[in-house]
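Read the structure below first, then the notes.
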Amino acid sequence: MTTIGFVGLGIMGGPMARHLLTAGHDVTGFNRSPEKTRPLVDAGGRAAGSVAEAAENADVIALMLPDSPDVETVLTDGILDVAKPGTLIIDFSTIRPDVAKDLATRAAEHGLRMIDAPVSGGQTGAENATLSIMVGGHHDDVTEARPLLDIVGKTVVHVGPSGAGQTVKAANQLIVAGNIALLAEALVFLEAHGADLPAAVEVLGGGLAGSAVLNQKAQKMLDADYTPGFRIDLHHKDMGIVADAARAAGVVTPVGALVAQLVAATRAAGHGGLDHSALHRTIGELSGGTRSTDGAG
Ligand code: NAP
């Protein structure tokens, strides 16, 4: 049994913390809005009143926070000077690769170990413990973390040194955003032709156009049900990570840049809190609006 402090019990962190608990570990959770600790406590875990309280007795500290500044703040204010020497920090958040590398160096300066372990698979993957986890860090730390990663994930791959997990995750977000945008365009196109949309989605799913994105997002688009899921705000953050990392490497991502603008437009229209499937709405509006993208389908 490992004593785990889990910080960030949102859409992803909540179910992940509960899976670690039900696998037999001792889990203490902290969430900025305290009411989100309730499901963990109801399942037999503990709630901490601060990050430091979750961190101080932990062998492993797990983080599942939105963005680079959040991870940096939580580490600086509640973990680096509090955690026991040798504590292993697993950062499941999606943040900038360069920040992940810097934070791992800072953790090491405090006698701690830190790996980046961003995930893919969405809310469904978190709830079903079927996440894909791309892990960056020292071999020994990743080996030690693996039994815990295997509890929340189905595909766990050590992809390189510190920061490498975040680089692979940035590529993941590029692919997902492009897929969602093209699926949305295809559905708007099909609707304009009066196609039988459920039938079209069924047959598309069986061919080369089939994808995890189609499986998880097509019905949400057809229903104009854009409840998150994965918020547009978070994908906007991730497209910024992709753009910066691509620039740093001297490569171009022209399709990604276009999709990033569609994500930004969705956010600018006030829909940052909707699921990223709401790209369907934006793309529908570019064609003058459609029955389903207006929410009337
Ligand atoms: P979320 O539901 O918004 O959860 C984030 C949690 O972090 C919330 O509980 C929030 O507390 C807490 N938090 C935010 N800022 C904080 C701060 N500065 N200090 C302390 N706590 C803070 O987000 P999520 O969807 O679980 O996403 C978490 C991470 O996973 C992100 O990096 C995202 O890109 C990544 N991710 C998400 C998905 C997905 O499908 N949702 C899939 C793969 C990866 P409050 O409750 O007070 O807001």
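The values are calculated or read from the model by the stated rules, or taken from the named source; none is laboratory data. The structure presented is a predicted model; accordingly, all values stated were derived computationally and were not measured. All Cβ positions, glycine included, derive from the backbone under ideal geometry; neighbour counts span all protein chains shown. Calculation scope for accessible area: heavy atoms of the full protein, side chains included, ligands and nucleic acids excluded. Shrake-Rupley method; radii C 1.70, N 1.55, O 1.52, S 1.80 Å.
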Fill in the blank from the handout: Whole-percent tail of the Cα-Cα distance distribution for the chain, cut at 23 Å, equals 56 percent
Exercise for the section: Specify the inter-centroid distance of the range 31-88 and the range 148-167, based on alpha-carbon positions, in whole Å. Expected result: 20 Å
Handout entry: Proximal charge balance of ILE4 [Cβ under 11 Å; K/R count +1, D/E count -1]
Key = -1
Exercise for the section: Quick one, can you get me the convex hull of the C-alpha atoms of the range 234-290 expressed as volume per residue in Å³? Expected result: 70 Å³
Problem - Coarse-grained scattering of the range 116-250 at q = 0.16 Å⁻¹, given as base-10 log I(q)/I(0) from a Debye sum over alpha-carbon atoms - result: -0.92
Exercise for the section: Kindly state, to the nearest 0.05, the FRET efficiency for LEU258 paired with GLU35, given R0 = 30 Å and r defined as their beta-carbon distance. Expected result: 0.15
Handout entry: Fraction of beta bridges assigned by DSSP in the chain that are antiparallel (%, nearest 5)
Key = 15 percent
Fill in the blank from the handout: Heavy-atom accessible area of ASP98, protein chains in place, probe 1.4 angstrom, given in Å² to nearest 10, is 70 Å²
Problem - Ellipticity estimate at 222 nm from DSSP helix runs (n ≥ 4, -39,500 (n - 2.57)) divided over the chain, nearest 500 - result: -16000 deg cm²/dmol
Completion exercise
Of the DSSP H helices in the chain, the ones reaching 24 Å or more along their long axis in Cα terms and averaging at least 0.5 in Kyte-Doolittle hydropathy are 164-192
Problem - Amide proton proximity set for LEU112, modelled H, under 5 Å, gap of 5+ - result: GLY86
Handout entry: Summed residue charge, Cβ within 9 Å of LEU103's Cβ, Lys/Arg positive, Asp/Glu negative
Key = -2
Practice task
State in Å² the accessible area per residue of the range 3-161; use a 1.4 Å probe, count heavy atoms of protein chains only, and round to the nearest integer.
Solution key: 42 Å²
Fill in the blank from the handout: Charge tally for neighbours of THR37 with beta carbon under 13 Å away, counting Lys, Arg as +1 and Asp, Glu as -1, is +2
Fill in the blank from the handout: Between ALA62 and residues 5 or more places away or on another chain, the pairs with built amide H atoms under 5 Å apart involve GLY5, PHE6, VAL7, ILE90
Problem - Pairwise label distance in nanometres, GLU72 with ASP225, each label 7 Å out on the Cα-Cβ vector - result: 3.9 nm
Exercise for the section: Would you mind giving the three semi-axes, in whole Å and largest first, of the ellipsoid equivalent to the range 3-161 according to its Cα gyration tensor? Expected result: 20, 19, 14
Fill in the blank from the handout: Scoring the range 3-161 by relative contact order with C-alpha pairs under 8 Å, at least six apart, yields a percentage of 19 percent
Handout entry: Carbon + sulfur, % of accessible area of the chain - ligands and nucleic acids excluded, 1.4 Å
Key = 55 percent
Handout entry: Accessible-area value, ILE283, 1.4 Å probe, nucleic acids and ligands omitted, Å²
Key = 10 Å²
